[in-house]
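Working notes for the structure below.
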Amino acid sequence: MTRDRGLAHAQKYLGDFETAVAERIEQRGKARLLEAGCGYGVAMMELVRAFGDAVEVHGFNYSPIDGDERRMRTEAVERGIFTEAGLADVTLPRITFCDASKPLPFPDGSFDFVYSQASMYLYDDKAAFLKECNRLLAPGGVARINPSLHFDEKDAPEKYQGYWEIWDDGREVTLGDHLKRVDGIDLVWPAGPDHPDLAYVELHRRDELDLGLRLVASVDLNFLWHEWGGVRSVYSTQVEFTPRYKRELGRVA
Ligand SMILES: C[S@@+](CC[C@H](N)C(=O)[O-])C[C@H]1O[C@@H](n2cnc3c(N)ncnc32)[C@H](O)[C@@H]1O
């Protein structure tokens, strides 16, 4: 599992967001950023190099094995982002450990910009994470998240080729088609239709973000075969629905 992608890779998938960060700094003097699934923190360190103390950068990983602050400093020096001495002159990003499918350990409105590359495909409940992004954004804040629409593991069985599965009225719909009906969130292809794998979800903070999705199941492919990575999340748009057998038993799902 690669954990060392930097800013150039992030912007290939998420479009140019350095400009958005620069604009925010120009308007407000500072920008607070969160990288979800930051790995070794290479992109975070490159942002600190680019903007210095005008950015306050946080990241999270599932566990320290995926990257902690010590590893982040070592990687930054080995890659020539900072010298050992230069590390002392900047405010370094902070890395927290948490599960992105659960409520995240940051207060409401903590960030102006949330970004993530090559991470959400591993979350059990991707929609819950997007709702959390909305909560964490300050007014005017934006999130850009790489949704990983397709598997990298070409050998995985056909029925699991995709990290998102959305059912609407008994019909399977794509993530892009579903998001067209949700206010404040879109699927964007920065390199155009010839590059369908390069996509990001862009979310503009709303007072309420209603994704209209209910998690029905998540299939962690790692448990099926250790060489297939990622989690396929299955959603229904029948948010309020209770199956008849549960109603008859008098228990609500
Ligand atoms: C493939 S690595 C990518 C790291 C980095 N974004 C990059 O592109 O180099 C996946 C990252 O997602 C994080 N991650 C995976 N599942 C997670 C979860 N459920 N909650 C929080 N972080 C998670 C891991 O800790 C890891 O840092």
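On the basis of being assigned to a loop (DSSP other than H, G, I, E, B) and at pLDDT 95 or above, does ARG251 make the cut? No, not satisfied. Could you give every pair whose Cβ atoms fall below 7 Å, whose first residue belongs to the stretch 101-114 and is in contact (Cβ under 8 Å) with a residue 24 or more places away in the chain, and whose second residue is among the acidic types (Asp, Glu), counting only separations of at least 6 or pairs across chains? Hits for this filter: SER101/ASP124; SER101/ASP125; PRO103/GLU132; LEU104/GLU132. With respect to the conditions (1) at pLDDT 95 or above; (2) closer than 29 Å to SER236 by Cβ; (3) of a type outside the set (D, E, K, R), THR91 falls short on a single one, namely (2).
Residues that are out of contact with any helix residue (DSSP H, G or I) (no Cβ under 7 Å at 6 or more places or on another chain), within 16 Å of the ligand (Cβ to nearest atom) and of a type in the set (Lys, Arg) are absent from the stretch 44-54 altogether.
Could you tell me whether GLY86 is at positive phi and either more than 8 Å from the ligand (Cβ to nearest atom) or touching a helix residue (DSSP H, G or I) at 6+ places or on another chain (Cβ under 8 Å) (or both)? Answer is no for this residue.
GLY15 meets all of the listed conditions (1) within 16 Å of the chain's Cα centre (by Cα); (2) within 14 Å of the ligand (Cβ to nearest atom); (3) at pLDDT below 95 but one, namely (2). Selection of the stretch 18-43 for residues being away from the ligand (no atom under 11 Å from the Cβ) and either among the basic types (Lys, Arg) or crowded, with 20+ Cβ neighbours inside 10 Å (or both) yields VAL21, ARG24, ARG28, LYS30, ALA31, ARG32, LEU33, LEU34.
Within the stretch 162-208, the set of residues being hydrophobic (A, V, I, L, M, F, W, C), within 27 Å of ASP108 (Cβ to Cβ) and in a loop (DSSP other than H, G, I, E, B) comprises VAL182 only. Can we say GLY67 is surrounded by fewer than 13 Cβ atoms within 10 Å (Cβ to Cβ), of a type outside the set (Ser, Thr, Tyr) and either over 16 Å from PHE17 (Cβ atoms) or over 23 Å from the mean Cα position of the chain (by Cα) (or both)? No. Against the criterion of being without any contact (Cβ under 8 Å) to a residue 60 or more places away in the chain, within 21 Å of the chain's Cα centre (by Cα) and within 26 Å of ARG144 (Cβ to Cβ), ILE166 does not qualify. For the stretch 220-229, check the following and say yes or no: at least one residue is of a type in the set (S, T, N, Q), in a loop (DSSP other than H, G, I, E, B) and over 30 Å from ASP108 (Cα atoms). Scanning the stretch 220-229, I find no residue that is of a type in the set (S, T, N, Q), in a loop (DSSP other than H, G, I, E, B) and over 30 Å from ASP108 (Cα atoms), so the answer is no.
Are there any pairs with C-beta distances below 6 angstrom linking a residue in the stretch 67-91 that is small (Gly, Ala, Ser) to a residue that is outside any loop (DSSP other than H, G, I, E, B) and surrounded by 15 or more Cβ atoms within 10 Å (Cβ to Cβ), with the two at least 6 apart or on different chains, and if so which? Note: pairs meeting the criteria are GLY67/ASN61; ALA76/MET45.
Here are ALA138, ALA156, ALA127: which of them is away from the ligand (no atom under 13 Å from the Cβ), of a type in the set (A, V, I, L, M), in a helix (DSSP H, G or I) and surrounded by fewer than 22 Cβ atoms within 10 Å (Cβ to Cβ)?
Details: ALA138 fails: in a helix (DSSP H, G or I); ALA156 fails: in a helix (DSSP H, G or I).
On inspection, the qualifying residue turns out to be ALA127.
ILE81 meets all of the listed conditions (1) away from the ligand (no atom under 13 Å from the Cβ); (2) within 24 Å of TYR163 (Cβ to Cβ); (3) in contact with a Lys or Arg (Cβ under 7 Å, 6 or more places away or on another chain) but one, namely (2).
The values are calculated or read from the model by the stated rules, or taken from the named source; none is laboratory data. Source: prediction; values computed, not measured. Positions of Cβ are backbone-derived with ideal geometry, glycine not excepted, and every protein chain shown enters the neighbour counts.
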